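Structure, as structure tokens:
A short reminder: the numbers here are calculations on the coordinates, not readings from a lab. Since the model is a prediction, treat every value here as computed from it, not as a measurement. Note that we place each Cβ from the backbone using ideal geometry, even for glycine, and neighbour counts take in every protein chain shown.
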Amino acid sequence: MKVMVGGTFDPLHDGHMRLLGRSFELAGKEGQVVIGLTTDPFASKKIHPTRPFDTRKKELIEFISDQNFTAHWVIEPLNDQYGSALDANFDAIVVSEETLPVAMEINKLRRERGKKKVDIHQITCVLAEDGRWISSTRIWRGEIDVHGRLIK
């Protein structure tokens, strides 16, 4: 199975790890995971600062390598919220509760282009100690760490 997933992944936190893990699980041993990583111009639209593309890519590669996932994978630059998902041949997209609307829009636009609909797999967001979602914004604000532990 060919699976797509995307994000800024900065900093790489437990929610991202769940998202990536589910992507590789769905792809299976002989599948492929295409990871769209936001480019610096696209990431600059975030409300918090982001590290350079190459730094984020290196961290992603290290995480994936440490997990010993068996599916093939590739990281491609993501210049907008859709990336290659509008035209590429793939089977599924993995999103969080937060990014579900983007996946639904991708299917709508694919249909308009005469492309087949893809399966949408939504993970639940990982909760921090305080019961709220772990997010890069909260980490950058200094509220929590990458594992959702409260910073005192």
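Key figures for this structure:
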{"read-out": "Residue that is surrounded by the most Cβ atoms within 10 Å (Cβ to Cβ), among those in the stretch 79-106 that are closer than 15 Å to T38 by Cα and either in contact with an Asp or Glu (Cβ under 9 Å, 6 or more places away or on another chain) or not aliphatic (A, V, I, L, M) (or both)", "value": "G83"}
{"read-out": "Output for the stretch 124-137, where each listed residue is touching a helix residue (DSSP H, G or I) at 6+ places or on another chain (Cβ under 8 Å) and buried (at least 17 other Cβ atoms within 10 Å of the Cβ)", "value": "C125, V126, A128, W133, I134, S135"}
{"read-out": "Residues that are part of a helix (DSSP H, G or I) and of a type in the set (S, T, Y), drawn from the stretch 18-55", "value": "S23, T55"}
{"read-out": "Residue satisfying condition, being of a type outside the set (S, T, Y) and touching a residue at least 40 places away in the same chain (Cβ under 8 Å), within set E97, E59, E25", "value": "E59"}
{"read-out": "Selected residue [in contact with a strand residue (DSSP E or B) (Cβ under 9 Å, 6 or more places away or on another chain), outside any loop (DSSP other than H, G, I, E, B) and among the acidic types (D, E)] from E76, E129", "value": "E76"}
{"read-out": "Qualifying residues in the stretch 113-123 (those that are loosely packed, with under 12 Cβ neighbours inside 10 Å and within 22 Å of G36 (Cα to Cα)) - the one farthest from the chain's Cα centre (by Cα)", "value": "R113"}
